[in-house]
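Structure record follows, encoded as structure tokens.
The values are calculated or read from the model by the stated rules, or taken from the named source; none is laboratory data. These numbers were taken from a predicted model, which means no experiment stands behind them. A quick note on method: Cβ atoms are made from the backbone with ideal geometry, for glycine too, and the neighbour counts reach across all protein chains shown. Accessible surface areas use protein heavy atoms only, side chains included; no ligands, DNA or RNA. Shrake-Rupley method; radii C 1.70, N 1.55, O 1.52, S 1.80 Å.
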Amino acid sequence: MKILLLRLSSMGDVLHTLPAVTDMRQARPDLCLHWLVEPAFAPIAQLHPGVTRVIPFSLRVHKERWRGLAAALRDLRQGLRDEHYDHILDAQGLYKSALLGRLGGAPLWGLDAASAREPGATRLYHRRFRVAWGQSAISRNRQLFAQALDYPLPETPPDHGLQVAAARLRKDTLAQPWSELVRQPFVLGFHGTSRQNKEWQEDYWRALAALLRQAGLRLLLPAGSAREAARARRIAEQADNVVALPPATLPELAALIVRADAYVGMDTGLSYLAGALGLAGVTLYGPTARDRFSVAESRQASLQSSEPCAPCGKSRCPLPEAEKGLILCQQALRPELVWTALSPLLEHRS
């Protein structure tokens, strides 16, 4: 039986779907899974052995170049229908994913109106499943897959299923400049996020770098935008053990992740990628709730801000201090607290 999965974005959402794919692969080895996803996140889907084919399709590109959208949708429709899917599962629960799912010509399944992020989208489904809110994204995906694909929900902890991919990445030969960067021990710092109120202030990164220097470690800072690159350079200019990384693809970052000693990251996709690939580290949660995203593993720590307002779940801080650039919930996550959580993980890794 051939299934098409729709989980288009974002990086975190794609990663939070992987444990459900692992469950499916173990419970239903008869299923062949194809995955329709934004091209930027296709390398993540390709890492999982339970995914037979990844189909990249970018709605984001066509938002800027809309004249080619109609032709692209025609081509996608033809390509999907040529596959003759038995069922299509929309794990995104949005209008855009539901509309793309209808192009496939097979019964479209997804969350019901009480469970989806955009309830109106569920009117496009042929079959709907209820999955309660108030639990982690990983748990919700696992429950949706189990109901839709007809197998008992596993009681085992979530498994991203990337062990073989991580081992392969470690064996791959790195090209310059990456091969030079991994010759000395390092920690990755995932400082960029999609929301500014989830960012750590620059002097905190410098303070963490000083603590890492005492342990003989460097801090490597990747960047996904010009703004993040400028911040990484400013931090590196005042800390001799900090390296602002050049632009990197997702596979290149994955190759660095499997060779790092640990990571420290905000609530962002790269933190979840590092965790999925088995890297020890600390993820920081200010305005967002760690229980919605984090995985309880012995080699990863999740720090929730102690500020009374946290987690508020808001995309912009409503407090007056934010007008001066001060995000109180993030300020409460001080470098000393992060180091206290990180130190045992570094010892465990060595």
Using alpha carbon centers only, the stretch 324-345 is separated from the stretch 1-57 by a whole-angstrom value of 34 Å
When the charge dipole of the chain is computed with +1 on Lys and Arg Cβ and -1 on Asp and Glu Cβ about the Cα centre, the Cα farthest towards its positive end, among G325, A71, A226, belongs to A71
Cα-based convex hull, the stretch 45-189, per residue volume (Å³, whole number) = 196 Å³
Would you compute, from DSSP H runs of 4+ residues alone, the mean residue ellipticity of the chain at 222 nm, taking -39500 (n - 2.57) per run and dividing by the full residue count, rounded to the nearest 500?
-> -11500 deg cm²/dmol
Total Lys pairs in the chain closer than 30 Å by alpha-carbon, pairs eight or more apart in sequence or interchain only?
-> 9
Interchain or long-range residues, amide H under 5 Å from R218's placed H | F186, V187
Show K314, K324, K2 ordered by accessible area, largest first, where the area counts protein heavy atoms only and the probe is 1.4 Å.
-> K324, K314, K2
Under 5 Å from the placed amide H of V282, counting only residues 5+ away or on other chains, we find Y263, V264, G265, A301
Counting only residues 5 or more places away or on other chains, whose amide H sits under 5 Å from the amide H of H87 once H atoms are built in the peptide plane?
-> K2, L4
Taking the Cα centre of the chain as origin, work out the dipole magnitude from +1 charges on Lys and Arg Cβ and -1 charges on Asp and Glu Cβ, in debye rounded to 20.
-> 780 debye
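Averaging over every viewing direction, what projected area does the convex hull of the Cα atoms of the chain cover, in nm²?
Working: hull surface 73.7 nm².
About 18.4 nm², averaged over all directions.
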In sequence order, calculated HN-Hα J values of the stretch 88-98 (Karplus, 6.51, -1.76, 1.60; Hz; x Gly/Pro) = 10, 10, 9, 8, 8, x, 10, 4, 5, 6, 5
Gap in Å between the Cα centre of the stretch 246-275 and the Cα centre of the stretch 126-202?
-> 11 Å
With Cβ to Cβ distances under 9 Å as the rule, what net charge do the other residues near E83 carry (K, R +1; D, E -1)?
-> +2
